[in-house]
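Written out below as structure tokens is the structure these notes cover.
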Amino acid sequence: MTDMKILALSLAALLPCLAAGTDPDQGRTMGNPTAPMLFELYSDFTCPACKNLHENVLPAIVVDYVNTGKAYLVFREFPLNIPAHVYSRPAAALAVAAARIGKYQAVSDALFRSQQVWSVSGKVWETVAAVLTPEEQKKVQALAKDPAVLADVQRDVDRGTKAALNQTPTLMITYKLKQQPWAQFADYSLFRGYIDALLKK
């Protein structure tokens, strides 16, 4: 076997590992990546409005647009750098770490469900650990300290800052190469009307 063939085979074997290690959105997506519309949801685990969206509005968005193949949903971390949100970044790091083992939704659900407890007590890990097996706990604890995971959180923050986000939650909607933020979720029918009208264009 020639050196060139050996090199080619080695690279081919490495590709899945490289792809898995460099995907900042790994485990934090829902739906079909080829959907016509992209939804990027920027939220902060300490934010009460984000909790409300996650529990009361997001399920409808998933049913109406993600499950129907109209939109691809990516969850983005946007921990606000304010005193009242001192535990937001550790929560985001744990959620991104959990995503690496396929547990992002379970951890997100737990963090939002118990938001009023851990956001005051600082017991973020205890909240996350409760929905993981002992083996998963070890993996997530190690991953949460991984510079690559911390960089993924910062990448989301930088991306949101560049897009001039000024509140959470914000859904960044991309359709036909045009981006539009949406942050008003009090009336879901308004959001649905806007998205349906966009999709008809």
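The values are calculated or read from the model by the stated rules, or taken from the named source; none is laboratory data. Bear in mind the structure is a predicted one, so any value in this text is a computation, not a measurement. Cβ placement follows ideal geometry from the backbone for every residue including glycine, while neighbour counts extend to all protein chains displayed. Surface accessibility is based on the protein's heavy atoms, side chains included, excluding ligands, DNA and RNA. Shrake-Rupley method; radii C 1.70, N 1.55, O 1.52, S 1.80 Å.
What does the helix-only formula give at 222 nm for the chain: each DSSP H stretch with n ≥ 4 adding -39500 (n - 2.57), the total divided by the residues, and the result rounded to the nearest 500 deg cm²/dmol?
Only helices count here, giving -15000 deg cm²/dmol.
With both partners inside the chain, how many of the DSSP beta bridges are antiparallel, as a percent to the nearest 5?
In the chain, DSSP labels about 65 percent of beta bridges as antiparallel.
How large is the direction-averaged shadow of the alpha-carbon convex hull of region 88-195, in nm²?
Hull-based average projected area comes out at 8.3 nm².
Distances over 24 Å make up what percent of all Cα-Cα pairs in the chain?
Considering the chain, 44 percent of its Cα-Cα pairs are separated by more than 24 Å.
Longer than 19 Å from Cα to Cα, which of LYS51/LYS162; LYS70/LYS178; LYS176/LYS201; LYS176/LYS200; LYS70/LYS201 are they? Say none if no pair is. List each step's numbers first, then the result.
On the way: LYS51/LYS162 24 Å; LYS70/LYS178 16 Å; LYS176/LYS201 9 Å; LYS176/LYS200 12 Å; LYS70/LYS201 13 Å.
LYS51/LYS162, as the Cα separations exceed 19 Å there.
What whole-number value in Å² describes the accessible area per residue of the chain for a 1.4 Å probe?
I get 54 Å² per residue for the chain.
Could you sort ASP158, ASP109, ASP152 by accessible area so the largest value comes first, with the probe set to 1.4 Å?
ASP158, ASP109, ASP152
Using a 10 Å cut-off on Cβ atoms, rank the peptides 43-54, 113-124, 182-193, 165-176 from the highest mean neighbour count down.
Ranked by mean Cβ neighbours within 10 Å, highest first: 43-54, 165-176, 113-124, 182-193.
How much of the accessible area of the chain, probe 1.4 Å, is carbon plus sulfur, in whole percent?
On the chain, the fraction of accessible area on carbon and sulfur atoms equals 60 percent.
Beta carbons within 10 angstrom, averaged per residue: use that to sort the peptides 88-98, 131-141, highest first.
Values: 88-98: 25.8, 131-141: 14.9.
Taking the mean over residues of other Cβ atoms within 10 Å, the ranking is 88-98, 131-141.
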